[in-house]
Amino acid sequence: MSDTKLKIILTGVTGMVGEGVLFECLANPAVEQVLMVNRRPYPMQHARLKELIVPDFLKIETVADQLAGYDACFYCAGISSVGKSEAEYTRITYDTTLHFAQVLTGVQPNMVFIYVSGAGTDSTEQGKTMWARVKGRTENALGRCGFRAEYNFRPGFMKAYPGQRNLLRGYYAIAWLYPLARLVAPNWVSTLQQVGRAMIRAAIDGAPKSVLEVRDINALGDV
């Protein structure tokens, strides 16, 4: 990894993935500053951490001037599709993400954008699984936004970063399986430390492909 110091925009820190990535960013000497863009406040103070509250990401253009000067965006915000209609899930997953990205390209086109998608995402946009189609459509649209580089991370099961508070419902009920899963299915599991490190490395040195499956994330995050 080069000596580059990153200034990062990060979304989703009130969720498990975003919070884990935040912890890695603050622990990593390659990161100079993190701007959390949150819908609601996140209770942390740190010398390298700033927060921007935007209750509706579809109105992110109202604070566009505060998004200039950053090197990368790690877009970790997202919701489960459970109980959502396709229209509702599309509005949050596709419309909101794409609008956020388009505003960023307007103020900082020479930026690396990393989108957290998920294992099983459907790049053809034609499959039977609703969430996978919508995520695939989102990935494809982001690739056309005009960023210097855009990467889609497709993690599987993730082990929490030490000290995390924002964990998925039921996480502890299955977390004990992680060591076994690491042995029998290593290409389906990662730690959030690996995910965060992989994002940082992709932002600085690039990645070998635009879509990174679990094995690709782990390889990038282990170096």
Exercise for the section: State the number of residues belonging to region 104-129 that are surrounded by 18 or more Cβ atoms within 10 Å (Cβ to Cβ), over 27 Å from residue 86 (Cβ atoms) and among the hydrophobic types (A, V, I, L, M, F, W, C). Expected result: 2
Handout entry: Selection count where residues are closer than 19 Å to residue 47 by Cβ and open to solvent by less than 10 Å² (accessible area, probe 1.4 Å), scope region 1-21
Key = 7
Fill in the blank from the handout: The strands (runs of 3 or more DSSP E) lying entirely within region 44-118 that contain at least 1 residues which are without any contact (Cβ under 8 Å) to a residue 60 or more places away in the chain, under 29 Å from residue 207 (Cα atoms) and within 19 Å of the chain's Cα centre (by Cα) are 49-53, 112-116
Exercise for the section: Residue by residue through region 22-35, note down the ones that are surrounded by fewer than 22 Cβ atoms within 10 Å (Cβ to Cβ) and more than 13 Å from residue 197 (Cα to Cα). Expected result: 32, 33, 35
Completion exercise
By residue number, the members of region 205-223 that are in contact (Cβ under 8 Å) with a residue 40 or more places away in the chain, over 10 Å from residue 152 (Cβ atoms) and not hydrophobic (A, V, I, L, M, F, W, C) are 205, 206
Fill in the blank from the handout: Only one of (1) open to solvent by 20 Å² or more (accessible area, probe 1.4 Å); (2) at pLDDT below 95 does not apply to residue 206, and that is (2)
Practice task
Confirm whether residue 75 is open to solvent by less than 10 Å² (accessible area, probe 1.4 Å) and in contact with a Ser or Thr (Cβ under 7 Å, 6 or more places away or on another chain).
Solution key: yes
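Listed here are the residues, each with its yes/no results for (1) open to solvent by 20 Å² or more (accessible area, probe 1.4 Å); (2) more than 18 Å from the chain's Cα centre (by Cα).
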position: 137; (1), (2): yes, no
position: 142; (1), (2): no, no
position: 166; (1), (2): yes, no
position: 182; (1), (2): yes, yes
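The values are calculated or read from the model by the stated rules, or taken from the named source; none is laboratory data. Keep in mind the model is a prediction, meaning the values are calculated, not measured. Heads up, the Cβs are rebuilt from the backbone with ideal geometry, glycines too, and the neighbour counts pull from every protein chain shown. These accessible areas exclude ligands, DNA and RNA; they are computed on the full protein's heavy atoms, side chains included. Shrake-Rupley method; radii C 1.70, N 1.55, O 1.52, S 1.80 Å.
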